[in-house]
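Asks: Would you mind keeping the following structure in view while I ask a few things?
All of the numbers you see were taken from the coordinates with simple rules; none came from a lab. Being a predicted model, the structure only gives us computed values, none of them experimental. Glycine also receives a Cβ, built like all others from the backbone with ideal geometry; neighbour counts cover every protein chain displayed.
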Amino acid sequence: MTTFQPVLLEAVGVAGSHTLASYRSRGGYAPLERMLKEKQPVDVIELVKSSGLRGRGGAGFPTGLKWTFLPKDHPGPIYLCINADESEPGTFNNRILMEDDPHQVIEGIILSAYATRATTAYLYLRYEYPQCWDRLQGAIDEAYAAGLLGKNIQGSGFSLDLYLHRGAAAYICGEETGLIESLEGKRAWPRIKPPFPAIEGLFRKPTVVNNIETMACVAQIARRGVEWFRSIGVPSDPNNPRDPGSYGPKLYCLSGHVERPGCYEAPLGITARQLIDGQGGGVWKGRKAKAVIPGGISMGLMTEAELDTPLDFAGPGKVGCLGLGTAAVVVIDETVSIVDFLHNSCRFFAHESCGQCTPCREGTAWSLRMLERIRAGKGRLKDLDLLAEIGNTMGMMPGSTICGLADGAAWPIKNAIKKFRGEFEDYIKRTNPSGWMVTDPVPALPIVGAH
Amino acid sequence: MITTQRILTPEMVAQIEALAPRYPNRRALTLPALHIVNDCLRYVPFEAVVEVAQLLGLAPAEVQDTLSFYQFFPQDKPSGRTRAWVCRSVSCALRGGEEILDHICHAAGIDPYGTTTDGALTVEPAECLGACDFAPCMLAGKTLHKNLTKESAEAFVRDARSPAGIPS
């Protein structure tokens, strides 16, 4: 495979890459200035739509299409929210973009605001990224001073204010309506949809919520054009009229048991094996992979045999995973007990469930209590059926919750039990030789704290 | 005796008010205001909640409702001069994050979420810090500690508890 020349990560590792001068020297903001002069907002929407760009935050919704859901001729204000609450375990691509090339992100934000006619943009940044905060604030100050933000940008008549808003360490704020509620000063309980944010979002006004990497892609599409973007990735399936394809470069976060963890840019559709063996330098210590998370912990697990799955928007779903998610690939080597992995996953979701919907609040906590009991040597084979049942019944897909957090909690459970059932059974029989076959109800266990 | 001492200083109020033009209503200032108080005091006592509510024209219960949701702002007593979050999510856990958390707590003589008796250090488990390329990692104040080992974790605890402390 020929090596792919990074575009989104072009400036990473370059001294001073976060400054306006550095970004300008790489051709930055020139496309914005050209667009503001020559193009109407509707042209920018058309540009992004025809590029086939799909949202990079996890759901993969076509970005241009999302923008067209805004009401036409709305008197305003329309808001743009930038989702930088990157909290999915294994994911750090947005951190790198914000730290090393914040102006690329800001150019994308200005273009997106121009396209959507938003005059105020809020960048919701997770608390855990203090360096991103400093870099972004510095870049925003530079952009204001250079007339790239504020009133009448570059004499175009278009005005935009961009503000940073600090989160407070809650995973649910990455759900777009949870983010909106949090920004409004409330607990971050996701809203029932419809109405979708495009119709009634932040402060009850039409709102678009986009991810940081999506913004960087918008800036690059404006600079390099639709043809360039569509020349990378996986075209839509001609036999499936509903497949929008997987175009463009993607930032893959590789972590866990690999020799060289890091954020790597590659064309959408690279396989997990290529990524791990190529960029990642292979599984660490010469071991074999037992399982690999394809795109953040909520996407579930691939087995070693499934590693040739292409990591595009359609790929991981074909092997029973939830989807591409954030493209955060986490390698779990053969020495790890899958029971320990699932315990870690269940603990995360029990802690991060917002508590609004009963199936998620109770399901995540119940699954964690069961995993704690199994690890304490009191597991029963019946628990595996119960875990699978919890996995099958909580979430938006079975229709029992408002947002997708529960689906994300369910997928690792379902995948682990289905793909590694033998290991669970062996573990339970080995650690609970006298009680593994019992099917009586178990006494209640202490309630775990939740968020 | 009823104390009339206010928790929010004029500086804090000025910082909060400076952000007001950014938002179309004052409720949206809740989280920024709580951060400003917490940055100054390292906790947000109930009295401060009442004062923030008064400042923003909200019921104290509304502010408390938001505050308690995040489980981020201590309310009973200030966190240590250095507040450290040790990641325990999957990528760090695979590379020994949980052992590092245990080790730091042991070295500091506290349980997770505890504060050392000298008030120097609070250690909390964290969910993914978004620095999986540097697993196992920890965020202490504004500093990300990368690729932690038992040795570097012990050195961190020593530095945090030294008279000079760690600048945040």
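Asks: Roughly how many debye, to the nearest 20, is the charge dipole of the stretch A:1-136 about its Cα centre, given +1 on each Lys and Arg Cβ, -1 on each Asp and Glu Cβ, and no other charges? Write down the numbers at each step before the final one.
Replies: Numbers: 14 positive and 15 negative charges, 77 e Å.
Computed about the Cα centre, the dipole is about 380 debye.
Asks: If you don't mind, another one. Exceeding 27 Å between C-alpha atoms, which entries from my cross-link table qualify? They are A:418/B:146; A:378/A:418; A:205/A:250; A:66/A:250.
Replies: Details: A:418/B:146 35 Å; A:378/A:418 21 Å; A:205/A:250 31 Å; A:66/A:250 19 Å.
From A:418/B:146; A:378/A:418; A:205/A:250; A:66/A:250, over 27 Å: A:418/B:146; A:205/A:250.
Asks: Using a 10 Å cut-off on Cβ atoms, rank the peptides A:210-219, B:104-113, A:346-355, A:162-171 from the highest mean neighbour count down.
Replies: So the order, starting with the most tightly packed, is A:210-219, A:346-355, A:162-171, B:104-113.
Asks: Just to verify a number: FRET efficiency for residue A:65 and residue A:239, C-beta to C-beta distance, R0 = 22 Å, to 0.05? Provide the component values of the computation, followed by the final result.
Replies: Values: r = 21 Å, r/R0 = 0.96.
For R0 = 22 Å, the calculated efficiency reads 0.55.
Asks: Have a look at the DSSP beta bridges in the protein assembly as shown and tell me what percent are antiparallel, nearest 5. Numbers along the way, then the final one.
Replies: Working: 25 of 52 bridges.
Here the antiparallel bridges make up roughly 50 percent for the protein assembly as shown.
Asks: Okay, moving on. For the stretch A:246-333, with only Lys/Arg (+1) and Asp/Glu (-1) charged at the beta-carbon, what is the dipole magnitude about the Cα centre, in debye rounded to 20? Show your work: numbers first, answer last.
Replies: On the way: 8 positive and 8 negative charges, 33 e Å.
In total the dipole reaches around 160 debye.
Asks: Want the number for residue B:106 to residue B:18: 0.36 nm per residue separation, take away the alpha-carbon distance, what's left? Show your work: numbers first, answer last.
Replies: Working: separation 88, 0.36 × 88 = 31.68 nm, distance 4.27 nm.
Answer, rounded to one decimal: 27.4 nm.
Asks: Across peptide B:63-73, what mean number of C-beta atoms from other chains lies inside 10 Å of a residue's C-beta?
Replies: Values: counts 1, 0, 3, 8, 2, 1, 12, 11, 7, 6, 2.
Across B:63-73, the average partner-chain Cβ count within 10 Å equals 5.
Asks: Turning to a different aspect of this structure: Quick one: helix A:212-224 against the long Cα principal axis of chain A, what's the angle to the nearest 10°, folded into 0 to 90?
Replies: Long axis of A:212-224 versus the principal axis of chain A: about 40 degrees.
Asks: Within the stretch A:395-411, which residues have the backbone N less than 15 Å from the label spot 7 Å out from residue A:192 along Cα→beta-carbon, could you tell me?
Replies: Answer for the stretch A:395-411: A:399-403.
Asks: In addition: Let me know the charge dipole size of chain A about its Cα centre in debye, to the nearest 20, where only the beta-carbon of Lys, Arg (+1) and Asp, Glu (-1) is charged.
Replies: Details: 48 positive and 48 negative charges, 91 e Å.
The dipole of chain A has a size of about 440 debye.
Asks: Right, here's the next one. Rounded, prolate or oblate, given the Cα gyration tensor of the stretch A:250-347, with a/c below 1.5 counting as rounded? Walk me through the numbers on the way to the answer.
Replies: Details: a/c = 1.57, a/b = 1.11, b/c = 1.41.
Oblate shape, in that a/c is at least 1.5 and b/c is the bigger or equal ratio.
Asks: Ok, one more. Enter the angle in degrees (range 0 to 90, nearest 10) between the Cα long axis of helix A:41-51 and the first principal axis of the Cα atoms of chain A, meaning the one along which they spread out most.
Replies: That works out to roughly 40 degrees.
Asks: Still on this structure: Could you tell me which Cys residues in chain B have no other cysteine's Cβ under 4.7 Å from their own Cβ, answering none if every one has a partner?
Replies: If one checks each Cβ against the other cysteines of chain B, B:40, B:105, B:128, B:132, B:137 turn up with nothing under 4.7 Å.
Asks: Students often check this: by mean Cβ neighbours within 10 Å, which of B:125-131, B:26-32 ranks highest, and how do the rest follow? Could the numbers behind the result be given before it?
Replies: Values: B:125-131: 25.0, B:26-32: 21.9.
Packing order, densest peptide first, comes out as B:125-131, B:26-32.
Asks: To the nearest 500 deg cm²/dmol, what mean residue ellipticity at 222 nm is calculated for chain A from DSSP H runs of n ≥ 4 alone, each contributing -39,500 (n - 2.57), summed and divided by the residues? If you can, show how the numbers build up before the last one.
Replies: On the way: 16 runs with 173 residues, N = 451.
Estimated from H runs of four or more residues: -11500 deg cm²/dmol.
Asks: From other protein chains only, count the Cβ atoms within 10 Å of every residue's Cβ in A:178-185, then give the mean. Spell out each step's value before the answer.
Replies: Details: counts 0, 0, 0, 2, 6, 4, 8, 17.
Taking all residues of A:178-185 together, the mean is 5.
Asks: With 10 angstrom as the radius, rank A:74, B:145 by how many other C-beta atoms surround their C-beta, starting from the fewest. Mind showing how you got there, number by number?
Replies: Details: A:74 12, B:145 20.
In order of increasing Cβ crowding within 10 Å: A:74, B:145.
Asks: I need the shape label for the stretch B:20-168. Rule: rounded when a/c is under 1.5, else prolate if a/b > b/c, else oblate, with a, b, c from the alpha carbon gyration tensor.
Replies: Numbers: a/c = 2.51, a/b = 1.85, b/c = 1.36.
Taking the square roots of the gyration eigenvalues as a ≥ b ≥ c, the stretch B:20-168 is prolate.
Asks: Just from its helices, what would the mean residue ellipticity at 222 nm be for chain B, if runs of 4 or more DSSP H residues each count -39500 (n - 2.57) and the sum is divided by every residue, rounded to the nearest 500 deg cm²/dmol?
Replies: After summing the helix terms and dividing by the residues of chain B, the value is -13000 deg cm²/dmol.
Asks: Quick one: among B:22, B:95, B:83, which has the greatest mean-square fluctuation in a GNM of chain B with alpha-carbon springs under 10 angstrom?
Replies: B:22
Asks: Go through the stretch A:159-174 residue by residue and turn each phi into a ³J(HN,Hα) via Karplus (6.51, -1.76, 1.60, θ = phi - 60°); whole Hz please, and just put x for glycine and proline.
Replies: Per-residue couplings from phi come out as 10, 8, 10, 10, 10, 8, 10, 8, x, 9, 6, 10, 4, 5, 5, x Hz.
Asks: Given an 8 Å cut-off on Cα distances and at least 6 residues of separation, report the relative contact order of the stretch B:10-70 as a percent. Intermediate values should be presented prior to the final figure.
Replies: Numbers: 43 pairs, mean separation 17.7, N = 61.
Normalised by residue count, the contact order of the stretch B:10-70 is 29 percent.
Asks: Note the angle between two axes, namely the Cα long axis of helix A:130-145 and the longest principal axis of the Cα atoms of chain A, as a number of degrees from 0 to 90, rounded to the nearest 10.
Replies: Relative to chain A, helix A:130-145 is tipped by roughly 10 degrees.
Asks: Relative contact order of the stretch B:78-168: what whole-number percent is it, with Cα pairs under 8 angstrom and at least 6 residues apart? Please list the in-between numbers first.
Replies: Details: 170 pairs, mean separation 32.0, N = 91.
Relative contact order, the stretch B:78-168: 35 percent.
Asks: Counting alpha carbon pairs within less than 8 Å and at least 6 residues apart, what relative contact order, in whole percent, applies to chain B? Intermediate values should be presented prior to the final figure.
Replies: Details: 246 pairs, mean separation 29.8, N = 168.
The value is 18 percent.
Asks: Shielding by partners for A:139-145, please: the mean number of other protein chain Cβ atoms within 10 Å of each residue's Cβ. Intermediate values should be presented prior to the final figure.
Replies: Values: counts 0, 0, 0, 0, 0, 0, 0.
Average per residue, whole number: 0.
Asks: Residue by residue, what Karplus-based ³J(HN,Hα) values in Hz, rounded to whole numbers, does the stretch B:66-83 have, using 6.51, -1.76 and 1.60 with θ = phi - 60° and x for Gly and Pro?
Replies: 5, 4, 5, 4, 7, 6, 10, 9, x, 10, 7, 8, x, 6, x, 4, 10, 10
Asks: Determine how many Å³ per residue the convex hull of the Cα atoms of the protein assembly as shown encloses.
Replies: Numbers: hull volume 105.4 nm³, N = 619.
Taking only Cα atoms, the protein assembly as shown has a hull volume of 170 Å³ per residue.
Asks: Here's another thing I want to ask about it. Using the Karplus curve 6.51 cos²θ - 1.76 cosθ + 1.60 with θ = phi - 60°, work out ³J(HN,Hα) for each residue of the stretch B:19-36 in order, rounded to whole Hz, and write x for Gly and Pro.
Replies: 8, 4, x, 6, 10, x, 9, 7, 5, 5, 7, 4, 5, x, 5, 5, 5, 4
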